[in-house]
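Asks: Provided herewith is a single structure, encoded as structure tokens, for subsequent inquiry.
The values are calculated or read from the model by the stated rules, or taken from the named source; none is laboratory data. Predicted model only: the values in this text are computed from it and were never measured. Here the Cβ is made from the backbone with ideal geometry for all residues, glycine too, and neighbour counts use every protein chain on show. The area values use the complete protein model at the heavy-atom level, side chains included, leaving out ligands, DNA and RNA. Shrake-Rupley method; radii C 1.70, N 1.55, O 1.52, S 1.80 Å.
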Amino acid sequence: MTAEKSSDAQAADDEPEFNVADLDLGFAEEVAAKPGGEYIRRCYSCGMCVAGCPVAEVEPRYSPRRLIRMILLGLRAEVLQSDFLWLCCNCYTCMERCPQAIRIPDIIRAAKNIAAAEGRLPANLKTVSASVTKIGRLYEIEEFDNKKRVKAGLPELQTKLEDVERLMRK
Amino acid sequence: MGLAKGSPRTGFYICHCGTNIADTVDVDAVRRHAEELPGVVVSCDYKYMCSDPGQELIIQDIKEHRLERVVVAACSPLLHEATFRGAVERGGLNPFLFHMVNIREQDAWVHEDRAQATRKARDLIRAAIRRVAYHRPLERMRVGVNPNTLIIGGGIAGINAALNLSMAGKRVYLVEREPTIGGHMAKYDKTFPTLDCAACILTPKMSAVRDSRNIVLWTYSEVEKIDGYIGNFRVQVRRKPRYVDEETCVGCMQCVDACIYKDARFPSEFELGLKKRKPVYMPFPQAVPPVVAIDPKTCLHFKTGKCKEPCKEACARDSIRFDQREVVEEIEVGQIIVATGFQTFDPARLPQYGYGEFPNVYTSLEIERLVNASGPTGGQVLLRNGQVPQSVGILHCVGSRDENTNRWCSTVCCMTALKLAHLVKEHTGATVYSFYIDMRCTGKGYEEFYDRMMREGVQFVRGRVGEVRDWEMAPEEEGKLVLRVEDTLAGFVRRIPVDLVILAVGMEPRADAEAVQRMLHISRSNDGFFLERHPKLAPVETTTDGVYLAGCCQGPKDIPSAVAQGSAAAAHVLAMISKGHIELEPNTVAVLDDCSGCKTCIPLCPYHALTLNEESKKAQVNLALCKGCGTCAAACPSGSITQNLFEDEQIDAEIEETLAHV
């Protein structure tokens, strides 16, 4: 990840250290109020989500269960600063298997939305979101791409989507 | 509305219930209000009306003041209506010339404003005093109790209930679907936490059933139809043909040896398919009755009609009966104990665990057979290729505590898993991993057993296994089953390669529980198990009088609990037999002469108490079945059904007086 991050945040991912006085006990409610977040309190911490997670397979420190525990505990700043929040690949394996029927990706998305609203978007996502807002695509289509498409027998795509910016403003 | 004959002499009593009522209702004000009402000759309050001195007040006043009616304002009639009716009766008055007003649950407990709550109490008691004037003396009906009992299911719960009743000299019909009794317990190897051999403690009880002259044992049979009511049930039992004469067969196995099939080649039901049997077979050596059965689906005689029938020839007692037919027996019993048991969860419903996909993934029940000395491998825990496993993973909570399958905790799987950990370790010397979410060892000696397993070196990992796969990502995973699990206590994901996986499968209601429920008119809880009448104070009775529950058909439980419940059910049955009759509450309905025979009421009755009298063409009610729910009385288009204690003039008076000051 290329998100700009403080050394504190790095520390939070490695060794969470916290002061009981700093806990935000309303954080779980804040997440629970978002669509799909309502079942967060049902987690009995069995680790089924982690055990099937493809991201955890390559990044052993990533744990959806740990994120849920951190939210329930009220570690608001630590969760919102964490890089791990942005690693979920939305494969929904955890949700499919969760014995407590918790919508784990929705909970992570809720936390992401709270982070984004506070301006804590990682740099690469900022670039992506700027691109989508401006041109309606993740990357620009150029003449070069269209030439390749024509060669493959595919229709050309519009290179400029002037309406997008207007739509996004609304 | 007014009373033509003048108000009857009424006694009114209001209870403080300690502070439960008195804190919110001005008891004294209500008492004074009652004093002024027509007919009231006694009005008094008392700290605890349900206590002996409280009841004594009523008894004395009935005699002294020649009371004709009694009203008590206290808690819910569910709690103490019977208490006060008893007091009224002891005072010499018909117990139904009494009415109870609930000013606790329906007033004091649900209101905070004292003035308002007091006003509500005044309205309610006024209505009751007015209503009770219209009460008529009623008599409880007495019905005799047939002393015979039907027990459905011959597992340990049913067996124990049958033996208890037999000990008391009572006749029992024990009906079992399988060719032998014994149920699930007969399949277990050892029992936790004492590790005594299941067969050693069960088979003497099974033999005792066989030897008892009071127990009529019908195996390979199913209850088909039940009519009637407590004390007088009529039951039809379908006895499937086993093509062997039960009276003469002694289980010598000559027929099995002689069978035209030289090798056993059909999956044995008792051994869960892990062993083969012949078309003529004995489920297991200690089966009761010790009688073989012939499976017509695999027997050559039935399949082709061209078998030489060497079994028949081999039988010295001429017990093989290919012409045996199904028989439907009709019996009469007074009470019924339901002990139909459970089924284990089918782990194929959780594809991530690879049951049915990987041959070395077993259920806990299958492992019970493998570790059993008389099981398919003679007590050796072996992989499908015949090798001894070096490492074994036991997964808890498979089909338990899971919103996707069964939500409940099956209560015994933790202990089963611990027991199997011990047995597998003992039999193979393998490294045993136990994957749990929460270790639930809540019985006597259970926690100590868990402690013993920790000392024995079972590797405990707190985490639910995500998946069982055979993808190898490291040399040590080659040819192994890999368990992916988060060690939630250490906080990281582990890949654990093992040779053998044991799924500790949960308990669930039998697939045909709904059919049994309908046949008996009982209820089931959300989880599908049969519902007890009260979760704490009536855990054995059902909502149908005379029908009791025993064992896992009511919910997952261990052997001691199933045995205890079997005995408890037998105690209920014996109590009723001892009494010899039942008294039926007289809050029943009566069909009036102007019934037009429209039959509207008949399908509405939840207790099947109403039928059409073919001669008079009018509805008739079986008072022994009527529970006084009032559905028919409300539905009758011509108002031709009345209900005792809920007659029109009683209810009208009550409503009128309740609303008199609104």
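Asks: Within region B:384-407, which residues are more than 14 Å from chain A (Cβ to nearest Cβ) and under 19 Å from residue B:192 (Cα atoms)?
Replies: Residue satisfying the conditions is B:394 alone.
Asks: Also, quick follow-up: Kindly establish whether residue B:381 is farther than 30 Å from residue A:102 by Cβ, away from chain A (no Cβ under 14 Å), open to solvent by less than 60 Å² (accessible area, probe 1.4 Å) and touching a strand residue (DSSP E or B) at 6+ places or on another chain (Cβ under 6 Å).
Replies: For residue B:381, the condition - farther than 30 Å from residue A:102 by Cβ, away from chain A (no Cβ under 14 Å), open to solvent by less than 60 Å² (accessible area, probe 1.4 Å) and touching a strand residue (DSSP E or B) at 6+ places or on another chain (Cβ under 6 Å) - is not met.
Asks: Criterion first (surrounded by fewer than 21 Cβ atoms within 10 Å (Cβ to Cβ), outside the structural domain of residue B:293 (by TED's automatic domain parsing) and at pLDDT 95 or above) does residue B:354 satisfy it?
Replies: Yes.
Asks: Considering only residues of region B:472-491 that are at the interface with chain A (Cβ under 8 Å from one of its Cβ atoms) and assigned to a strand (DSSP E or B), which is nearest to residue B:383 (Cα to Cα)?
Replies: B:484
Asks: So, one more: Does region A:47-60 include one or more residues that are part of a helix (DSSP H, G or I), open to solvent by less than 10 Å² (accessible area, probe 1.4 Å) and more than 7 Å from chain B (Cβ to nearest Cβ)?
Replies: No, region A:47-60 contains no residue that is part of a helix (DSSP H, G or I), open to solvent by less than 10 Å² (accessible area, probe 1.4 Å) and more than 7 Å from chain B (Cβ to nearest Cβ).
Asks: Residues that are within 14 Å of chain B (Cβ to nearest Cβ) and within 29 Å of residue A:53 (Cα to Cα): list the helices (runs of 4 or more DSSP H) wholly contained in region A:76-170 that include at least 2 such residues.
Replies: Fully inside region A:76-170 and qualifying: A:93-97.
Asks: Are any residues in region B:145-195 in contact with a strand residue (DSSP E or B) (Cβ under 7 Å, 6 or more places away or on another chain) and assigned to a strand (DSSP E or B), and if so, which ones?
Replies: Matches in region B:145-195: B:149, B:150, B:151, B:152, B:172, B:173, B:174, B:175, B:190.
Asks: Could I ask something else about it? Does any residue of region B:532-551 turn out to be farther than 30 Å from residue B:388 by Cβ, open to solvent by 40 Å² or more (accessible area, probe 1.4 Å) and not assigned by TED's automatic domain parsing to the domain that holds residue B:151?
Replies: Among the residues of region B:532-551, not one is farther than 30 Å from residue B:388 by Cβ, open to solvent by 40 Å² or more (accessible area, probe 1.4 Å) and not assigned by TED's automatic domain parsing to the domain that holds residue B:151, which makes the answer no.
Asks: Let me confirm something: among B:476, B:447, which residue is open to solvent by 50 Å² or more (accessible area, probe 1.4 Å), charged (D, E, K, R) and under 33 Å from the mean Cα position of the chain (by Cα)?
Replies: None of the other options fit; the residue is B:447.
Asks: Would you mind stating whether residue B:508 is buried (at least 21 other Cβ atoms within 10 Å of the Cβ) and among the charged types (D, E, K, R)?
Replies: yes
Asks: I would also like to ask the following. What are the pairs, 6+ residues apart or on separate chains, where a residue within region B:1-26 that is closer than 20 Å to residue B:131 by Cβ has its Cβ under 6 Å from a residue that is aromatic (Phe, Trp, Tyr) and at pLDDT below 95?
Replies: Going by the 6 Å Cβ cut-off, there are no qualifying pairs.
Asks: Sticking with this structure for a sec: Does residue B:63 fit the bill of being farther than 21 Å from residue B:20 by Cα and of a type in the set (Lys, Arg)?
Replies: The answer is yes for residue B:63.
Asks: Does residue A:35 qualify as being within 14 Å of chain B (Cβ to nearest Cβ) and part of a loop (DSSP other than H, G, I, E, B)?
Replies: no
Asks: Same structure again: If you scan region B:196-212, which residues turn out to be touching a residue at least 12 places away in the same chain (Cβ under 8 Å) and either in a loop (DSSP other than H, G, I, E, B) or β-branched (Val, Ile, Thr) (or both)?
Replies: B:203, B:209, B:212 - these are the residues of region B:196-212 that are touching a residue at least 12 places away in the same chain (Cβ under 8 Å) and either in a loop (DSSP other than H, G, I, E, B) or β-branched (Val, Ile, Thr) (or both).
Asks: Also, quick follow-up: Of the conditions (1) assigned to a loop (DSSP other than H, G, I, E, B); (2) crowded, with 23+ Cβ neighbours inside 10 Å; (3) not acidic (Asp, Glu), residue B:337 clears all except one; give me its number.
Replies: (1)
Asks: State all residues of region B:350-384 that are among the acidic types (Asp, Glu) and either without any contact (Cβ under 8 Å) to a residue 60 or more places away in the chain or in a loop (DSSP other than H, G, I, E, B) (or both); if no residue qualifies, say none.
Replies: B:357
Asks: So residue B:497 fits all but one of (1) within 14 Å of chain A (Cβ to nearest Cβ); (2) touching an Asp or Glu at 6+ places or on another chain (Cβ under 6 Å); (3) in contact (Cβ under 8 Å) with a residue 60 or more places away in the chain; what number is the exception?
Replies: (1)
Asks: Right, something else. Quick check on residue B:306: is it away from every other protein chain (no Cβ under 14 Å) and open to solvent by 50 Å² or more (accessible area, probe 1.4 Å)?
Replies: yes
Asks: From the list B:238, B:213, B:265, which one is more than 23 Å from the chain's Cα centre (by Cα) and within 23 Å of residue B:146 (Cα to Cα)?
Replies: B:213
Asks: Let me ask another. Is it true that some residue in region B:388-397 is without any contact (Cβ under 8 Å) to a residue 40 or more places away in the chain, surrounded by fewer than 24 Cβ atoms within 10 Å (Cβ to Cβ) and more than 30 Å from residue B:170 (Cα to Cα)?
Replies: No, the conditions are met nowhere in region B:388-397.
Asks: Does region B:221-231 include one or more residues that are part of a loop (DSSP other than H, G, I, E, B), open to solvent by 20 Å² or more (accessible area, probe 1.4 Å) and assigned by TED's automatic domain parsing to the domain that holds residue B:551?
Replies: no
Asks: Would you say residue A:111 is touching a helix residue (DSSP H, G or I) at 6+ places or on another chain (Cβ under 8 Å) and surrounded by 21 or more Cβ atoms within 10 Å (Cβ to Cβ)?
Replies: When the stated conditions are applied, residue A:111 passes them.
Asks: Out of region B:435-471, which residues are part of a loop (DSSP other than H, G, I, E, B) and within 14 Å of chain A (Cβ to nearest Cβ)?
Replies: B:437, B:438, B:439, B:440, B:463, B:464, B:465, B:466, B:471
Asks: Further question: Please give the number of the condition residue A:29 fails out of (1) away from chain B (no Cβ under 11 Å); (2) open to solvent by less than 10 Å² (accessible area, probe 1.4 Å); (3) more than 14 Å from residue A:100 (Cβ to Cβ).
Replies: Against the list (1) away from chain B (no Cβ under 11 Å); (2) open to solvent by less than 10 Å² (accessible area, probe 1.4 Å); (3) more than 14 Å from residue A:100 (Cβ to Cβ), residue A:29 comes up short only on (2).
Asks: Here is a follow-up. If you check every pair at least six apart or on different chains, which have Cβ atoms under 9 Å apart with a residue in region B:608-632 that is under 11 Å from residue B:643 (Cα atoms) first and a residue that is surrounded by 15 or more Cβ atoms within 10 Å (Cβ to Cβ) and small (Gly, Ala, Ser) second?
Replies: Partner pairs satisfying both residue conditions: B:626/B:609; B:627/B:609; B:632/B:609; B:632/B:619.
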